[in-house]
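Report on one structure; see the data block that follows.
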Amino acid sequence: METRAAHARKPSFHATFFAAIAGGLSAQSGHWFPWTPVCFATGLGLYFSVLFEPEPGHFAAPALGLLFLWMVSGVFGWWRWRGVLVALWAMTLIIAGASVASYRTHSVAAPVLSYRYYGPVEGRIIAIDKSASEKPRLTLDRVALARVPPAATPRKVRVSLHGPDLGITFAPGDVVMTTGHLGPPAGPVEPGGFDFQRHLWFQQLGALGYTRTPVLRAAPAESSGWRLRLYTFRLALSYAVKARMSAAEGPFAAAIITGDRAGLDPTLLETLRASNLAHLLAISGLHMGLLTGAVFGVVRLLLSISGRVSLRYPIRKIAALAALTAAVIYLGVSGANVATQRAFIMVSVMLLAICVERPALSLRAVAIAALLVLILSPEALVGPGFQMSFAATTALVAVFAIVRDRAMFLKLPKWLSGPAALLLSSFIAGAATAPYGAAHFNQVAQYGLLANLMSVPVMGLVVMPGALLAACLTPLGLEGAGLWVMEQGLAWILWVASFVAGLDGSTRAIVAPGPWVLPLVTFGGLILCLWQGWGRLLGTLPLLVALLMWHGAVRPVVLISETGRLIGVMQDDVRGLNKPKGDGFSARVWLENDGDISDQADAAARSGFSPNSVTVSLGTKRLLFNATNPETYDVSEICPAADIVVLPRFDDTLPEGCQGWAVPDFREGGAVAIYRTDAGLRYENSRSRQGNRLWVKASKSRRQ
């Protein structure tokens, strides 16, 4: 009898399950705000992932439905239930995110050149840098092109200078003219790859090209416009810094002070990437945090010297305002690129939190910063900078909150707590950013933790204070002392980079993940960091699934470039290319995505390929590729010997059972990927993965 009564009183599985859910939700009370940017970003992600351009009606229907749910919940009092209220707010933020992304996309709309253009190019210089081939490069606005009406002329164009150097030194604001080749932005180098058209759309760059003729100054630089004056000041400051330092340290210093990377040696860049120190070049949260931290500490120390001042005035708030002023100045001097804007917003939120006597380092502050960044620049969501910076910051704040609550460092000796905090922060930041770095850059620095432990303290204790000292001493003409201190720190960092990059196995190539891997990594990481209680351990499940999906990532057996003149075929787990030169960017990205460290020449030397013609066996199918011979082919003669053909042009339609492309087809469909599946071969092109988006429609090419 007692046994039956006890059994009857035992709660059912369903009751236990729902009680656990209720308890988990109850534990989140007061901790929902950090999920605000997550829901907002979900809306952004949905907008950027769909294959069509949403119209106002696509937003109106969900918005009206949501309004109806809010009204019903208000009438029946459902909003008092925490779960219902959270769900309604989540849906509201998702719709708001998609709406903001759509508004941003249309607000930056500008003409995009829709064909290959050759002729006169005139415009005003607004940026000067170098291309990937180390050629000078000019970005122009107020563009004028022959035979192109103003309404169809791109707002901005970027031109690489391959012509003779006439010894003319150009300055921002100069009006220049030349004769050059321009074309619309290229699509992804493979289906599902990085979308250059979308990236350049938000920069309002409507054409890219080059010139082999001299560039002439048509009019001197204009003095009006604060943007150009600031840019001119930044370039002058960059030249002055490089002139006061050695050939290696000078460009490094200019990069972290003014954001000017034009003088950096490509070999140095590769060394920094191989040692996982390339993030020191980007003016991001690390630099902004170190600078404002130094200003905050120095100002607070100076004010605290006087007991009268420290007792009568809120010196902590004064120091925070001084640090905020320094952050504003640094934002302007550094060029205010997207990464720096993110860092500035994050630092500003934290400093303002000090001013209103709130915790500076909290998940709430990180959430506010992320939300502001995404509202101002929704496109930042799909870039590595936003993903890596907020992954690191969120993980650091979450982990150190746990460490603080459990007083872990208090159990250590004082002399050990500092190094332990440095080691933990470097490990957490590295672990949080590793999946994103590996996915976007296809490599992992095996000894990156060692390099960062040896370099980041020097950046914080020597390099950034040296830069601050130089800035303070400049009015006295004594900036050389600060620059010397800065140079010594940079020399150490470059030595560490060279040492670590030279170690055996310093880098490991990584295969590109599938489209669902990073969203799963992000979802799992957010649960681990933001959820309260032991339920956060459920975040390991999405991480495990993502890891398994990444491990099983399948690469295309055949890739054909957007030009239709480069083909890469996977044989024996390595990709061979049909030519050692030409379409170099596509070749490099393909090999990187394969997790292959070979260069194009090595890949072209692999067996079974010749420069002009490729015939490849794909199981029961045969592929014939020849895109270099100008001859027109008779497909009725070729198709019986090949199931897939890629030729310069056809003289007739393809017979049934023969799949193929002529070179002009790639201008419409973009790069092609062929996958081997159990059901046979599967074909994809870049346009099918991009969809009919605004930036794609604007860039569709046709011959002039």
Subject >> For segment 382-533, convex hull volume per residue from C-alpha positions, Å³ >> reply: 159
Original post:
Restricting attention to the alpha-carbon atoms of segment 117-228, what are Rg (one decimal) and Dmax (integer), both in Å?
Top reply: 14.2, 45
Subject >> Alpha carbon centroid spacing (whole Å) that separates segment 140-196 from segment 442-465 >> reply: 37
**OP:** Within 10 Å, count the other beta carbons around each residue, average over each peptide in 675-683, 169-177, 535-543, and list them highest first.
**Re:** 169-177, 535-543, 675-683
Original post:
How would you rank 357-363, 340-346, highest first, on the average number of other Cβ atoms within 10 Å across their residues?
Top reply: 340-346, 357-363
Subject >> Cα-Cα separations in segment 393-479 greater than 17 Å, expressed as whole percent >> reply: 64
Subject >> For segment 255-509, projected area of the alpha-carbon convex hull averaged over all directions, nm² >> reply: 15.4
Original post:
Cysteines without a disulfide-compatible partner in the chain, using Cβ under 4.7 Å as the rule?
Top reply: CYS39, CYS355, CYS472, CYS529
**OP:** Just tell me, in residue order, which DSSP H segments of the chain are both 18 angstrom or longer along the helix axis (alpha-carbon based) and at least 0.5 in mean Kyte-Doolittle hydropathy.
**Re:** 13-27, 36-49, 56-76, 82-107, 285-305, 315-333, 338-355, 363-376, 384-405, 414-441, 479-501, 517-530
Subject >> Two-decimal Rg to Rh for segment 421-462 - Kirkwood Rh, Cα set >> reply: 1.01
Original post:
Could you give the distance between the Cα centres of segment 81-123 and segment 513-531, to the whole Å?
Top reply: 23
Original post:
Which peptide among 499-506, 592-599 comes first, and what is the full order, when sorted by highest mean count of other Cβ atoms within 10 Å?
Top reply: 592-599, 499-506
**OP:** Sorted from largest down, give the three principal axis spans of the alpha carbons of the chain, whole angstrom values.
**Re:** 93, 88, 56
**OP:** Equivalent ellipsoid semi-axes for segment 31-107, as square roots of 5 times the alpha carbon gyration tensor eigenvalues: give them largest first, rounded to whole Å.
**Re:** 25, 16, 8
Original post:
Among GLY30, TYR683, GLN197, which residue has its Cα positioned farthest towards the positive end of the charge dipole of the chain, with +1 placed on the Cβ of Lys and Arg, -1 on the Cβ of Asp and Glu, and the dipole taken about the Cα centre?
Top reply: GLY30
Original post:
What GluC sites (Glu not before Pro) does segment 655-692 have in DSSP loop regions with at most 11 other beta carbons within 10 Å?
Top reply: GLU656
Original post:
Around LEU618, which amide H atoms from residues at least 5 apart in sequence, or from another chain, sit under 5 Å from its own amide H, with H modelled in the peptide plane?
Top reply: LEU623
Original post:
When only Cα pairs under 8 Å and 6 or more residues apart are kept, what is the percent relative contact order across the chain?
Top reply: 13
**OP:** Name the residues whose placed amide hydrogens come within less than 5 Å of the amide hydrogen of TRP661, ignoring near sequence neighbours (fewer than 5 apart) on the same chain.
**Re:** VAL645, VAL646, LEU647
Original post:
For segment 187-321, what number results from the quotient of the Cα radius of gyration and 2.2 N^0.38 Å?
Top reply: 1.53
**OP:** Would you mind estimating how fast segment 474-625 diffuses translationally, via Stokes-Einstein at 10 °C and 1.306 mPa s with the Kirkwood radius over Cα pairs, in µm²/s?
**Re:** 80
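Read the figures in this text as sums done on the coordinates, not as results from a lab. What you see is a predicted model; the values in this text were computed from it and never measured. Cβ sites come from the backbone with ideal geometry, for glycine too, and all protein chains shown count toward neighbours.
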